[in-house]
1. Kindly provide the set of residues from the range 54-74 that are part of a loop (DSSP other than H, G, I, E, B) and within 23 Å of Phe23 (Cβ to Cβ), ordered by number.
2. Among the residues of the range 87-97, is any assigned to a strand (DSSP E or B), more than 21 Å from Gly22 (Cβ to Cβ), free of Cβ contacts under 8 Å to residues at least 24 places away in the same chain and in contact with a Lys or Arg (Cβ under 7 Å, 6 or more places away or on another chain)?
3. For Arg96, are the conditions met, namely being at pLDDT 90 or above and surrounded by fewer than 14 Cβ atoms within 10 Å (Cβ to Cβ)?
4. Do we have any residue at all in the range 105-121 that's among the basic types (Lys, Arg) and over 25 Å from Gly22 (Cα atoms)?
5. Taking the criterion of being among the polar types (S, T, N, Q), more than 11 Å from the chain's Cα centre (by Cα) and at pLDDT 90 or above, would at least one residue in the range 35-48 satisfy it?
Amino acid sequence: METKTMSSQSTKTLRERLAVNGFVQVSYKLADLIFGGDLSKNEIQVLMAVVRMTVGFQQSENEVSTHTLEELTGIDRRHIFRALWTLEHTFKVFTRTQRAYRENGVTHKVNSYRIRDEWLYHPRAKGEKAC
């Protein structure tokens, strides 16, 4: 039986730590946006990373750093900012709020992304019929 020590766990990349067998349910509307051809490759990767870090944790909102998005997607920071702006302002997939805090005399900003309700998967109640 193999046990993992704290040091071996901390040496794993974020991708390795998140690599679990599971899935994220997305709405048809979100899938249509992804497959519709209106999004760039970077926008799709950033969108799926935000979905993974929010909906994948059964939350509609979660704090996601730009560094985390860089790690998950392998995309340069400048292109991540551009993709986030497009997803937030053009397609209105999510809203972003920002909070600042000071630590050791340094101000840090943390972004929180909230997937808008109309883009989320909402399972039907038992007996409810499709439109």
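1. Answer for the range 54-74, where residues must be part of a loop (DSSP other than H, G, I, E, B) and within 23 Å of Phe23 (Cβ to Cβ): Gln58, Gln59, Ser60, Val64, Gly74.
2. As a first pass, look at the range 87-97 and keep what is assigned to a strand (DSSP E or B): 94-97.
Retained after the next criterion (residues that are more than 21 Å from Gly22 (Cβ to Cβ)): 94-97.
Next, from what is left, pick out any that are free of Cβ contacts under 8 Å to residues at least 24 places away in the same chain: 95-97.
With the extra rule that they be in contact with a Lys or Arg (Cβ under 7 Å, 6 or more places away or on another chain), the set shrinks to 95.
Yes: the range 87-97 contains one or more residues that are assigned to a strand (DSSP E or B), more than 21 Å from Gly22 (Cβ to Cβ), free of Cβ contacts under 8 Å to residues at least 24 places away in the same chain and in contact with a Lys or Arg (Cβ under 7 Å, 6 or more places away or on another chain).
3. Working: at pLDDT 90 or above: yes; surrounded by fewer than 14 Cβ atoms within 10 Å (Cβ to Cβ): no.
Here the answer is no, as Arg96 does not meet what is asked.
4. Kept after step one, since they are among the basic types (Lys, Arg), are these residues of the range 105-121: 109, 114, 116.
Then drop every residue that is not over 25 Å from Gly22 (Cα atoms), which leaves 109.
Yes, the range 105-121 contains at least one residue that is among the basic types (Lys, Arg) and over 25 Å from Gly22 (Cα atoms).
5. First pass over the range 35-48, keeping only residues among the polar types (S, T, N, Q): 40, 42, 45.
Okay, now just the ones that are also more than 11 Å from the chain's Cα centre (by Cα), so 40, 42.
Subsequent filtering for residues that are at pLDDT 90 or above retains 40, 42.
So far as the range 35-48 goes, yes, one or more of its residues are among the polar types (S, T, N, Q), more than 11 Å from the chain's Cα centre (by Cα) and at pLDDT 90 or above.
The values are calculated or read from the model by the stated rules, or taken from the named source; none is laboratory data. Not measured: the values here are computed from a predicted model. Note: ideal-geometry Cβ built from the backbone for every residue, glycine included; neighbour counts use all protein chains shown.
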